[in-house]
1. How many residues, within the range 15-35, are surrounded by 10 or more Cβ atoms within 10 Å (Cβ to Cβ) and farther than 23 Å from Q48 by Cα?
2. Hey, any hits in the range 50-70 for a residue that's outside any helix (DSSP H, G or I), surrounded by 11 or more Cβ atoms within 10 Å (Cβ to Cβ), at pLDDT 85 or above and touching a helix residue (DSSP H, G or I) at 6+ places or on another chain (Cβ under 9 Å)?
3. Please verify whether F37 is farther than 21 Å from A7 by Cα, part of a loop (DSSP other than H, G, I, E, B), within 16 Å of the chain's Cα centre (by Cα) and without any contact (Cβ under 8 Å) to a residue 40 or more places away in the chain, treating the condition exactly as stated.
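The values are calculated or read from the model by the stated rules, or taken from the named source; none is laboratory data. On a predicted model such as this, the values are computed, not experimentally measured, just so you know. Every residue, glycine as well, gets a Cβ built from its backbone with ideal geometry; the counts of neighbours run over all protein chains shown.
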Amino acid sequence: MHHNLAAALFLGDALDAFRAAGWRLIDASAAFSDPVFRSQPDLAPAGQSLVWQLAKAKGGFDQRLRYLGEDGDYEKPAMDERGL
C-alpha cells in the first residue's frame, strides 16, 4: 500500500471493493509473516517493490517488466503521439 493522501481518502472504498470481489482481508502481522517477505533478491536497481525484484530475479519478464524510475522512456512515444 502507498501511504499518501489519495490512499487515505479512498482506503475505505478500496477495501470495500476488495471485499465485494471476494477478497479476505488480513492484518499486517499475518501478511508479513509470509515467507516471501524474507526474500532478499540480490540485484540492482534496489528500492523497487519486492514483487518487482522477485520477478526480475526470476527472469523471463524482460519484455514486460518496467523499471519504475524510468517512466519517461516508456511513456514518451505515447505522449508524443498525442502532442503532449
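1. Taking the range 15-35 and keeping what is surrounded by 10 or more Cβ atoms within 10 Å (Cβ to Cβ), we get 15-19, 23, 26, 31-34.
Subsequent filtering for residues that are farther than 23 Å from Q48 by Cα retains 15-19, 23, 26.
So the answer is 7.
2. Kept after step one, since they are outside any helix (DSSP H, G or I), are these residues of the range 50-70: 59-67.
Then drop every residue that is not surrounded by 11 or more Cβ atoms within 10 Å (Cβ to Cβ), which leaves 61, 65-67.
Subsequent filtering for residues that are at pLDDT 85 or above retains 61.
Filter again for touching a helix residue (DSSP H, G or I) at 6+ places or on another chain (Cβ under 9 Å), leaving 61.
Taking every residue of the range 50-70 in turn, at least one turns out to be outside any helix (DSSP H, G or I), surrounded by 11 or more Cβ atoms within 10 Å (Cβ to Cβ), at pLDDT 85 or above and touching a helix residue (DSSP H, G or I) at 6+ places or on another chain (Cβ under 9 Å).
3. Values: farther than 21 Å from A7 by Cα: yes; part of a loop (DSSP other than H, G, I, E, B): no; within 16 Å of the chain's Cα centre (by Cα): yes; without any contact (Cβ under 8 Å) to a residue 40 or more places away in the chain: yes.
Spelling it out, it is not the case that F37 is farther than 21 Å from A7 by Cα, part of a loop (DSSP other than H, G, I, E, B), within 16 Å of the chain's Cα centre (by Cα) and without any contact (Cβ under 8 Å) to a residue 40 or more places away in the chain.
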